[in-house]
Each structure stands twice: as C-alpha cells, then as structure tokens.
2 protein chains.
Amino acid sequence: MASRTPQLSGRTVRVLVCTEKKTFVTRELAETKVTFEGIEGDRHAGLTRPADVRTPWFPKGTLIRNTRQLSLVSTEELAQVAETLVIPKVLASWLGANLEVAGIPTLTHLPPGTRLFFPGDAVLAVEGENEPCTGPGRVIEAHYPDKEKLASRFVKAAWQRRGLVAWVERPGVIRAGDEVKVMLPKPVTYGVPVEPTGKKAGLA
Amino acid sequence: MASRTPQLSGRTVRVLVCTEKKTFVTRELAETKVTFEGIEGDRHAGLTRPADVRTPWFPKGTLIRNTRQLSLVSTEELAQVAETLVIPKVLASWLGANLEVAGIPTLTHLPPGTRLFFPGDAVLAVEGENEPCTGPGRVIEAHYPDKEKLASRFVKAAWQRRGLVAWVERPGVIRAGDEVKVMLPKPVTYGVPVEPTGKKAGLA
C-alpha cells in the first residue's frame, strides 16, 4: 500500500474553463465543480466523445469513453516553452488548459493511471501526455505578431511540456490555490518481446 | 504514431460472466456484448462503483468512476500459479475472471493505459494489476480439499500473475477465439524527487 499513497504535491495556480464553441481558449474562474463528465459546461465535458485525430486507431467519429475531460499544464513547463520560443510568456488559457499547477516536477511525464487529489474531494486520473498541435501555437502567434513562425515552432518547443489530459474519478470542487497531491501508479516496465509470439522473450 | 499501434497480440480463450450476487465465480459464454458499463449483467458492470478495500484512499462507499469493469487472466500465468501451488489447474472462473487470454507474455505486467482491441469493435483500457486476495484462494481450496492452506498460499502464488482489471473504451462484442491486439502506452519513467518540493530533483 505504501506505493499507493500520495508521494508528491503541488499547487493549483489557475482553474480555467471554455464554454464556447468557436474557440478553445479558456478563461479563469476562482473555482469549478467537476462531475463524472468533467468540468460542468466545458467544451471537453462528457462521459463519451467522438474519436478524432488524437485516436487515429478508431474510425473518426466513433463514440468512445472520454478520457480527455480536463487538460493540465505546469507553470514551470510553460515558462520553459516561452523561454524556448524567446517570448515573454505562454499563458495556460492560450493552450485551452483547464488547470495550471505548479511545483510538480516534469508534470507532462506523469504516467497514465496517476491520480491527482484535491482538497474539495475531486480526484482526477491521468490519461497521459497532451501532444502539442499547432492550434495553441496560432493563438500564441496572434499575441506576438512580430515573431516568426511561432505556430509551427510551438509544436517542437512544447514537446513533452504540453501537460496532461485527465478524467474525473471522483466528483468535487477544484479551487485556485488548492494543494494537489499526486499518487503515482505502481511502477511497471513492459518490453515488447523480440519474437512477437514468443512466450519466453526477455520481459522485465 | 508508431509507438501507438498494436505491438503484440494474443487470443481470447474464454469469455466469462457472473450475474449472481452470492458468488464471484464466473461461468463461460461463447461471446458477450460490452457497453460503456462493462459486460451487460455482470456483477462488476457499471459506470461508477462504491470505493472499497481496493481503493483505501477513499472513504469506503464513496462513488467513484468504475475502472474495474472487467478482469482478465492469462492461460500461461494461471498455469504458473497452479504449478506453484502444486495442483493440477487453476480455472479462470474460480478467480471470477471475465476474460482468459493466451499468448500475451506476462499479461499482469501490462501498464495502466494499455488498450486491448477485439475484432468485434470492443476496446478495453487497462486500469492495472488485479492484486490477489484470499477469496479466489478459498474457491481453489474447495476444489482440492486434501491440499493444505491453499487459500492463503494463493495470494503469494498469484502475486504479479493475477491478471488485470480494465474498463470499456469502446463498446462491441468479445467472442471466445477472438484475436486480441495490444497497444502499449508511450513508455514513461517518472521518479519521485529526493526533495519532495524540489523543482530540480533528478527526474527521468
């Protein structure tokens, strides 16, 4: 059980939501309620979602369980992205993030299955890394029109720093300023065997 | 994308269900439909479930998302458990498993976030290892009354061989004999920093 208690903690810097259809840019709230569907009213809320470019192994539009209800970014990683792009700042809202957290090292590297606990009962389960695309890059570019090719440079600059997507395991409230406790899953290593059908290949 | 295509495959040996309240022992079916709730009519089906001894970080009974809709065991691992216990066999049904698969090396070690694809559209997402408890051990003991302490010996014998729990990402049908393709999540390594609040600790 020792390996399944929170081992790390950070702080919720910002809570953000997007209730519009025509933009993914989020706006800041003091707090939000989360249900099994995600953030109430947010454009990514829902128990299910249609498969899209993020899940190319499904026919587009296939109804699948929604494991991308919320997106999270890290204050420290946003600063690194801004530094790489040589611009003053990259805001969480420009990336459509729902939560900005600080103090959790290399947030984007938290493995699938990690749980995030908030004092208002809410618990999020990490689906995995949010791979960067050019959409947020274009928003950043619009804020720094004198800089060249920010949209495409964003993808590379944000690689492994774009944060996470997660779904709600336990409903509750998340407030700006909240402590967030991190419970990592049991460490597992799995190697694909050299002989795909071999039963005695060298697995960890 | 290369890392997110199926890299391994196995075979569905048995499909099993338990529609009773007073036992967890499952019975074999030729096929079953799975919905976003799990196997229709199975005792572990549901979008949510009350927290129990498996999730001691929640107050008992707290309603949480059900990530334990189906349990899976491996033919090869069951044989290892039987060998360790020095008994002729351990059946998937005795453990209350819903699926028995063969040909996937060290099934129990598949990491959280792994996806399992079936030809009848169904896709399961792995929550993680199903830690062994004495319940199935008592069922095994009832089948081999001349053997001593099987119930308690089962827990140790089944350690890291008890299979997985999973939830339905995409509804469909699962049939005995089906091929099952395995898509591993992106490999991630995350180490807890030496200084819990340090931002520059040695993380992978």
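The values are calculated or read from the model by the stated rules, or taken from the named source; none is laboratory data. Values in this document were obtained by computation on a predicted structure and should not be read as measured data. As a convention, Cβ positions derive from the backbone with ideal geometry for all residues, glycine included, and neighbour counts pool all protein chains shown. Each accessible area value is taken on the protein alone, full model and side chains, heavy atoms only, with ligands, DNA and RNA left out. Shrake-Rupley method; radii C 1.70, N 1.55, O 1.52, S 1.80 Å.
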**Prompt:** Can we say B:Ser74 is surrounded by 21 or more Cβ atoms within 10 Å (Cβ to Cβ) and in contact (Cβ under 8 Å) with a residue 60 or more places away in the chain?
**Reply:** yes
**Asked** Right, A:Arg170: at pLDDT 95 or above and more than 15 Å from the chain's Cα centre (by Cα) or not?
**Response** yes
**Prompt:** Does any residue of the range B:101-110 turn out to be farther than 29 Å from B:Tyr144 by Cα and in contact (Cβ under 8 Å) with a residue 40 or more places away in the chain?
**Reply:** yes
**Message:** Name the residue that is surrounded by the most Cβ atoms within 10 Å (Cβ to Cβ), counting only residues in the range A:150-159 that are in contact with a Leu (Cβ under 9 Å, 6 or more places away or on another chain) and among the aliphatic types (A, V, I, L, M).
**Reply:** A:Ala158
**Request:** For the range A:116-124, indicate whether the set of residues that are among the small types (Gly, Ala, Ser), modelled with pLDDT under 95 and on the phi < 0 side of the Ramachandran plot is non-empty.
**Result:** no
**Residues of the range B:165-187 satisfying the condition of being of a type outside the set (Val, Ile, Thr) and touching a Pro at 6+ places or on another chain (Cβ under 9 Å)** = B:Gly172, B:Arg175, B:Asp178, B:Glu179, B:Lys181, B:Met183, B:Leu184, B:Pro185, B:Lys186, B:Pro187
**Message:** Checking A:Ile174 against (1) assigned to a strand (DSSP E or B); (2) within 14 Å of chain B (Cβ to nearest Cβ), only one condition comes out false. Which one?
**Reply:** (2)
**Prompt:** Just a yes or no: is a residue in the range B:8-28 exposed (fewer than 15 other Cβ atoms within 10 Å of the Cβ), more than 10 Å from chain A (Cβ to nearest Cβ), in contact (Cβ under 8 Å) with a residue 60 or more places away in the chain and assigned to a loop (DSSP other than H, G, I, E, B)?
**Reply:** no
**Prompt:** Taking the condition open to solvent by 40 Å² or more (accessible area, probe 1.4 Å), in a strand (DSSP E or B) and in contact (Cβ under 8 Å) with a residue 12 or more places away in the chain, does A:Lys181 pass?
**Reply:** yes
**Request:** Only residues that are of a type in the set (Gly, Ala, Ser) and either over 22 Å from A:Ile104 (Cα atoms) or part of a strand (DSSP E or B) (or both): list them for the range A:29-41, please.
**Result:** A:Gly38, A:Gly41
**Prompt:** Got a number for residues in the range A:56-71 being open to solvent by less than 50 Å² (accessible area, probe 1.4 Å) and without any contact (Cβ under 8 Å) to a residue 12 or more places away in the chain?
**Reply:** 2
**Which numbered condition A:His44 misses (of (1) open to solvent by less than 60 Å² (accessible area, probe 1.4 Å); (2) touching a Lys or Arg at 6+ places or on another chain (Cβ under 7 Å); (3) part of a loop (DSSP other than H, G, I, E, B))** = (1)
**Message:** Can you confirm whether B:Arg49 is more than 10 Å from chain A (Cβ to nearest Cβ), free of Cβ contacts under 8 Å to residues at least 24 places away in the same chain and under 17 Å from the mean Cα position of the chain (by Cα)?
**Reply:** yes
**Fill in**
For the range B:61-84 the number of residues that are within 14 Å of chain A (Cβ to nearest Cβ), among the aliphatic types (A, V, I, L, M) and assigned to a strand (DSSP E or B) is 3
